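Reviewing the structure listed below.
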Amino acid sequence: MSNITYTSINEDVLHSLKPPGKTWWISLGIILSALGLGIFAWTYQIMHGMEWSGINHPIGWGVYITDFVFWIGIGHAGTLISAVLFLVRAPFRTSIYRASEAMTVFAVMTAGLFPIIHIGRAWNFYWLLPYPNQRQLWINFKSPLLWDVFAVSTYMSVSIAFFILGLIPDLASVRDGCKSKLKRFFYSIASVGFRGTNHQWLHYMRGYLLFAAIATPLVFSVHSIVSWDFAMSSIPGWHTTIFAPYFVAGAIFSGCAMVLTIMIPLRVAFPGFKEIIKVRDLEGMAEMILMTGILVTYAYSIEFFIAYYSGAKFERALFWFRPFGELRYFFWLMVFCNCVSALPLWIKKIRTNIPALFFISILVNVGMWLERFNIVVTSLAHDFDPFAWSMYKFEWVEIWITVGSFGWFFMWFFIFVKIMPSLAVAELKEALHPPLRRSQ
Amino acid sequence: MTRNDEMKEVLTNSAFQLGNGIRNLLIVLMAIGVIGFIVGLVSGHSGLAWRALLINTILFGGISTGGLMFSVIMTVTEANWGRPIKRLAESMASFTPFAGILFIILFFGGHHFFEWMDHDKVIHSKAGWLSYPFFVERNVILFIIFMILGWFYLKASVRPDVGLAKRLTQFGNNFANRFIKNYGDQEEEELQSIRITRRLAPFVGIAFALLSTLIAFDWMMSIDQEWFSTMFGVQYAIANMIGALAMLMIFSGFARSRLRLEDYISVNRYHDVSKLGFSACALWTYLIFSQVLVIWYGNLPEETPYVILRMQSHEWGWVFWLIMVLLFIIPFFGLMSRTSSNSVWFSRIIAIDILVGVWLEKYFLIVPSIQENLAAAGHGAAEHGLPGFEYNLYDFAITLGVLGGFLFCALWFLQRIPVVPISDKRFFQVSHH
């Protein structure tokens, strides 16, 4: 605990809200150019049609759906860390949960774009929602795609609400530190008049606990339902019962990796954070990655085993195609990134080595993108009838849009760290000894 | 009071003696089981006896591995709260070798369950996996690996406690002495214990997952050789954890009052165990739901018959819902409120309900498939379909027998090893919070 005090936490965190420097503006410039590429590509696709995405017949789901599942997966870690780790009282969550919650919200915002990009005529997106209409046309409630609409929007509402709830006391401390009247006005609205009375804390803590309990099942439900987009069909490689927990484990795997990818640069950018986001906290994330990596490896193996054991011709053919067919490079790269690259984390030296953690987290992110690509594309490329087999060819539009999605995600995150306290001030203080007047 | 004095007091207070009455009762239960099994074998109902033995071996063997897993999870996550009940969980693992022996006995009854042992009936494309010699080999090998890892883990976990107990109170018996051969300096031994358990725990966990999967696939899923579900292994592993947690609720409830451990297994700690049981039941339900939904929606001919027989047939359909009530509705609503899960007697009732539930779940996964195999072979099926849930004396006797054996092993272990991990620094910490 050494030299961390109530004041130093306040100062370090509020310091991050000071007007941005040159590096911040340059980074934001790069991010916005990436976003620009994405917007340009999407516009191009809208003007020239879906042929500019790589999807074809029969591979009707391609990079966009992969991106969708990828970003939803990233959006898992935040709620896991803030709700589940709160309920199990894991100490390493305190310093990282705020930023990961923000990451969740932005990742889900990014994910939400992809179905809209994927449907082509984006302006008709509201057809996804059930609404009373003149011709009594209703969406298909039996379709897992619709369940997804509900699952993702519920998840998004709850994670935003949870995020805001956690922010209230911290926004209040930002408000108290504000000099300009205008800022003070906005922060006092955002902190809904929180003054830190016993009464308010009591209600706040109650509410937080309840919210955590409500958010926990959502961590499971969202990605389960995303997995059912695939598992409900009878396509080989998609239809398997383990998909739901396997996707949840994979989502936590990628989400925790993304937390590291974000927190490590954040620690470098704001020197005061180094003392607060301790190596032990990052190590906790690394351990989560290690464990979920093993779970994901287990699921891969079981899938292969059951494909053999089922004796079903099509399953067997597909699970031969994945490692040995034309798309094998994606498969083996995925196996390397997801099953092998996290293994060095068994060693404590590597688990506590920041550059190594950063590198592994990037590999895991790549691996998890490839996993979704493998699931989505290989199954469609190689289903029942050899006549309908096909190959996937990437188009520049979808690659640019993918790059743009990273721009979109990081743009929000960059804005976030400048206007909101990116570490949970109040909870960090809870872990300290309160300052006593006597000792001063 | 220094730590040593405090530990001395705990040790004397919590010294556990298996009373003659309970010991005799457990021996009688085991005798009932053995007699039931032998009567079954000689009286022409050998199928029923083998079946009951299979169900109970899978159940109680699973619970014993689940108990060890509790301790492993505490070690891996460096959790403090579970330390006072760590030994109670580990005591269940003492049944694992006996479960191994029961599995070896079951190898001789394989033809009562496995249709595929008949060369004419095995599905051709699965014959590679479903061959009996290979079946025996892989089960024996994986079981031995788990046992070796588990033994070294358990030994390292128990050793410094026995050593400390011996130093403090002349604690000792033939069994415990085996753990403290070449015992060195106490500090050194404690560090060594932490080092070994920390290193072994993840591997015990992985071995548990693999063993649970293999047992679930081989001993339960393959009875209906056409059916498969990738989730089946996970379901069994989680059911083991549920069973172990329910046992642990019962054990820690008794340990609190009988062994005067109220200060250590405090209300909060007891609440934590109940909560974990609650969440494990919810997780199990999630796993069942995810399987049923996917199979129902996919509607594939190789997957649905298994589920239709179990959910929609008049012979078995009601059992499914009964299990859902036992393993989901009752624990979910029963343990939801803080008051109820803090209350030892109330949550004990729920723990018993959970144990009945996991027993029935095993019965439900195994028996309908066996009945179907018998019907396909031309005997056992009445005109009106399968026999359905039919209780018989063999189920009753053998369940009592294996339960008796399980409890006997666990209590015998607790009698010879300190009931609380006195040397564990985290245990000492938790008692002061």
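The values are calculated or read from the model by the stated rules, or taken from the named source; none is laboratory data. Bear in mind that the values here come from a model prediction, so they are computed numbers and not experimental data. Ideal geometry is used to build each Cβ from the backbone, glycine not excepted, and the neighbour counts take in all protein chains shown. Ligands, DNA and RNA are excluded from the accessible area calculation, which covers all protein heavy atoms including side chains. Shrake-Rupley method; radii C 1.70, N 1.55, O 1.52, S 1.80 Å.
A few points about this structure:
- 29 Å Cα-Cα reach of A:Lys393 towards lysines, excluding residues that sit fewer than 8 places from it in its own chain: A:Lys313
- Percent of alpha-carbon pairs separated by more than 23 Å within segment B:106-253: 55
- Helices that extend 24 Å or more along their long axis by alpha-carbon positions and average at least 1.6 on the Kyte-Doolittle scale are, among the DSSP H runs of chain A, A:243-269.
- Residues of segment A:234-262 whose accessible area, computed with a 1.4 Å probe over protein heavy atoms, drops by at least 40 Å² once all protein chains are present relative to their chain alone are A:His239, A:Thr241, A:Pro245.
- Per residue, the average separation of C-alpha pairs within less than 8 Å and at least 6 apart gives segment B:3-430 a relative contact order of 33 percent.
- P(r) tail, segment B:3-430: Cα-Cα pairs separated by more than 40 Å, 19% of all pairs.
- If R0 is taken as 22 Å, the Cβ-Cβ distance between A:Leu343 and B:Arg198 corresponds to a FRET efficiency of 0.80.
- Lys-Lys pairs in chain B that are eight or more residues apart or on separate chains and whose Cα atoms lie under 21 Å of each other come to 12.
- Of every Cα-Cα pair in chain A, the percent that sits beyond 31 Å: 43
- Calculated [222 nm] ellipticity per residue, helices only, for chain B: -24000 deg cm²/dmol; basis is -39500 (n - 2.57) per DSSP H run with n ≥ 4, divided by all residues, nearest 500.
- Accessible-area value, B:Ser279, 1.4 Å probe, nucleic acids and ligands omitted, Å²: 50
- Exposure rank, largest accessible area first [A:Tyr187, B:Tyr270; 1.4 Å]: A:Tyr187, B:Tyr270
- Per-residue [θ]222 nm for chain A (sum of -39500 (n - 2.57) over DSSP H runs n ≥ 4, rounded to 500): -22500 deg cm²/dmol
- Inter-chain neighbour count for B:290-301: the average number of beta-carbon atoms from partner chains within 10 Å of each residue's beta-carbon is 5.
- Members of segment A:270-315 that become less accessible by 50 Å² or more once partner protein chains are added (1.4 angstrom probe, chain alone as reference): A:Tyr298, A:Phe305, A:Ile306, A:Tyr308, A:Tyr309
- With at most 14 neighbouring Cβ atoms within 10 Å, loop trypsin sites (Lys or Arg not before Pro) (DSSP) excluded, longest segment of chain A: A:196-392
- Degrees separating the helix B:186-215 axis from the principal Cα axis of chain B, which is the longest one: 10
- Chain A and chain B together bury an accessible surface of about 2900 square angstrom, both sides counted, with a 1.4 Å probe and no ligands or nucleic acids included.
- With a simple spin-label model that places each label point 7 Å from the Cα along the Cα-to-Cβ direction, the separation between B:Ser46 and A:Thr154 comes to 5.3 nm.
- For A:Thr261, the solvent-accessible surface with a 1.4 Å probe is about 20 Å², rounded to the nearest 10.
- Principal-axis tilt of helix B:132-169 within chain B, Cα atoms, nearest 10 degrees: 20
- A:Glu51 accessible area, assembled protein chains, probe 1.4 Å, Å²: 130
- Accessible area per residue, Å², segment B:3-430 with all protein chains present, probe 1.4 Å: 41
- The share of accessible area on segment B:88-204 that comes from carbon and sulfur is 64 percent, using a 1.4 angstrom probe.
- Diffusion coefficient, µm² s⁻¹, Stokes-Einstein with Kirkwood Rh over alpha-carbon pairs of segment B:21-180 at 37 °C and 0.692 mPa s: 176
- Across segment A:200-299 the C-alpha pair distances fall into 10 Å bins from zero in the proportions 14, 29, 31, 20, 6, 0 percent.
- Per the Debye calculation on the protein assembly as shown with a single equal scatterer at every Cα and no solvent contribution, log₁₀ I(q)/I(0) for q = 0.07 Å⁻¹ amounts to -0.61.
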